[in-house]
Amino acid sequence: MTAPDGIARFLADVDALPDGWKGAFEGVDRADFAPDRIWAWDGSQYTTVIDRTQTGSHGRDTWDEAVQGNNALVTQWDDGNHTGDEPGNNPSSSASMPSAVASMLGDLDITGGENVLEVGTGTGYTAALLAARGCRVTTIELDTDLAEQARKNLAQAGHQDVIVVTGDGTLGHSEHGPYDRVHVTAGVRHTPAAWIEQTRPGGVIVMPWGTDYSTYDWTAALTVTDPGRASGPFTTPLAFMKLRSQRARYPKSPFPSDWTATARMSEPDIDITDITGALYEPAEFVIGLHVPHCVPRLVHGAESTNLWLYGADTGRGPSIAVAAFGDGYDPQAREAGPRHLWAEVQAAYHRWDDAGKPNTDRFGLTVTVDEDGRVEQRPWYETPDRELPFRH
Ligand SMILES: C[S@@+](CC[C@H](N)C(=O)[O-])C[C@H]1O[C@@H](n2cnc3c(N)ncnc32)[C@H](O)[C@@H]1O
């Protein structure tokens, strides 16, 4: 089956079609994988449902346009516990944005014929692209209904060779390994040991990776260099829904509501706009590399903007901080608990600023698995031997 040339042509026009992938994008029709009911992003929010079975402004024509466009399309909300036409609370599956799909497939460095494990089958579209590129594909989806539908989509589109496994992708699928490539299409905070253990030396793992400090991800393209070790650079910023077990949770604050009254106080020497604001804010990513186990929350009030920082209990007890910035008064930071979270964030910013604000693609990640299966994630700057002094 041949796809309408919308996606392939768009990717070629914006120079986002990786070498060798033209035929696959031309040959796989996203319409064969998108369900009848989808929700598209309009630039600021998800729209009401677009339904292929209906006519009118959110019917068939809009569906065709959305499916052949460069949009992320939400295909499931709230792990399937959602009804109705309006968006749910949390998107839990999607057909990813084609330009993000293409960018990650480019990083995967496929030449054809590789044995590939995909984590996060979703609609099956990416698995079909990999199959069309000549790869042997095993793809794992946690959600039973989505896995079943993807199996049907792939078979109907002529890709019955793709093996869809219903299960937890963080465990990999050793039966079909070792893999030449592991392609992860859900956001990762803690790299599972299985992906490294099930990839042959020289193989590549591509995943959207990030820290607790950000809801965004950066593609990490890691090469397995030795058994139990994978390392490589961050390439492209993107946003993926996270692996189900790795979604952000605000650590519960055990501090009394009046904790600020007795908090340590300091005056920030940076502005809130230095570290927040942009889409895929690089400062946010770099701060995250330096400040592990810390979840921020930015609250815009009528008179001030407050950056709250919640530090997980990593053995020494939890920590909390808030830095307040407003017109007409000096900014103030308050901290409690064993960690000085605001001071950590500020120091990370200064370190990055002093280095000339290097772009995020000059950082990278090494992941090691020890004999007991314990994983350590070590971010680095420029080269793997220049590790940042922080573990994730
Ligand atoms: C962004 S979607 C994947 C898009 C997909 N590759 C496509 O082409 O349509 C992320 C998927 O990851 C799945 N997922 C989340 N956690 C998972 C896990 N632990 N194991 C396997 N799949 C998981 C979600 O259910 C969701 O379908």
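The values are calculated or read from the model by the stated rules, or taken from the named source; none is laboratory data. Since the model is a prediction, treat every value here as computed from it, not as a measurement. Cβ sites come from the backbone with ideal geometry, for glycine too, and all protein chains shown count toward neighbours. Note: accessible area is taken over every heavy atom of the protein model, side chains too, but ligands, DNA and RNA are not part of it. Shrake-Rupley method; radii C 1.70, N 1.55, O 1.52, S 1.80 Å.
Listed residues 311, 315, 328; which is buried (at least 21 other Cβ atoms within 10 Å of the Cβ) and either under 26 Å from the mean Cα position of the chain (by Cα) or of a type outside the set (A, V, I, L, M) (or both)?
311
So, restricting to strands (runs of 3 or more DSSP E) that lie completely within the range 290-377, which ones have at least 1 residues that are among the charged types (D, E, K, R) and out of contact with any Leu (no Cβ under 9 Å at 6 or more places or on another chain)?
Answer list for the range 290-377: 329-336.
Is there any pair with a first residue in the range 214-238 that is closer than 28 Å to residue 311 by Cα and among the hydrophobic types (A, V, I, L, M, F, W, C) and a second that is open to solvent by 50 Å² or more (accessible area, probe 1.4 Å) and not in a strand (DSSP E or B) whose Cβ atoms are under 7 Å apart and which are 6 or more apart or on different chains, and what are they?
234/361
Would you mind finding the one in 373, 364 that is under 21 Å from residue 219 (Cα atoms) and open to solvent by less than 60 Å² (accessible area, probe 1.4 Å)?
364
Could you tell me whether any residue of the range 249-256 is open to solvent by 50 Å² or more (accessible area, probe 1.4 Å), of a type outside the set (A, V, I, L, M, F, W, C) and either within 16 Å of the ligand (Cβ to nearest atom) or in a strand (DSSP E or B) (or both)?
yes
Quick test of your reading of the structure: residue 227 fulfils all but one of (1) open to solvent by 20 Å² or more (accessible area, probe 1.4 Å); (2) away from the ligand (no atom under 16 Å from the Cβ); (3) modelled with pLDDT of 95 or more. Name the failing condition by number.
(3)
Kindly establish whether residue 283 is touching a helix residue (DSSP H, G or I) at 6+ places or on another chain (Cβ under 9 Å) and of a type in the set (A, V, I, L, M).
For residue 283, the condition - touching a helix residue (DSSP H, G or I) at 6+ places or on another chain (Cβ under 9 Å) and of a type in the set (A, V, I, L, M) - is met.
Given the options 106, 112, 158, name the one that is assigned by TED's automatic domain parsing to the domain that holds residue 29 and at pLDDT below 95.
112
Would the range 283-305 turn up any residue that is within 16 Å of the ligand (Cβ to nearest atom), open to solvent by 50 Å² or more (accessible area, probe 1.4 Å), hydrophobic (A, V, I, L, M, F, W, C) and not assigned by TED's automatic domain parsing to the domain that holds residue 90?
The answer is no; no qualifying residue exists.
Sort through 219, 185 and tell me the only one that's open to solvent by 20 Å² or more (accessible area, probe 1.4 Å), modelled with pLDDT of 95 or more and under 13 Å from the mean Cα position of the chain (by Cα).
Exactly one of 219, 185 is open to solvent by 20 Å² or more (accessible area, probe 1.4 Å), modelled with pLDDT of 95 or more and under 13 Å from the mean Cα position of the chain (by Cα), namely 185.
If I filter the range 127-165 down to residues being more than 9 Å from the ligand (Cβ to nearest atom) and of a type in the set (Ser, Thr, Tyr), which single residue comes out as surrounded by the most Cβ atoms within 10 Å (Cβ to Cβ)?
Per the criteria, the residue is 138.
Report yes if residue 123 is hydroxyl-bearing (Ser, Thr, Tyr), assigned to a loop (DSSP other than H, G, I, E, B) and more than 6 Å from the ligand (Cβ to nearest atom), otherwise no.
Criteria not met by residue 123.
Which numbered condition trips up residue 348, out of (1) buried (at least 16 other Cβ atoms within 10 Å of the Cβ); (2) not assigned by TED's automatic domain parsing to the domain that holds residue 292?
For residue 348, the exception is condition (2).
Answer yes or no as to whether residue 190 is modelled with pLDDT of 95 or more, within 12 Å of the ligand (Cβ to nearest atom) and not assigned by TED's automatic domain parsing to the domain that holds residue 109.
yes
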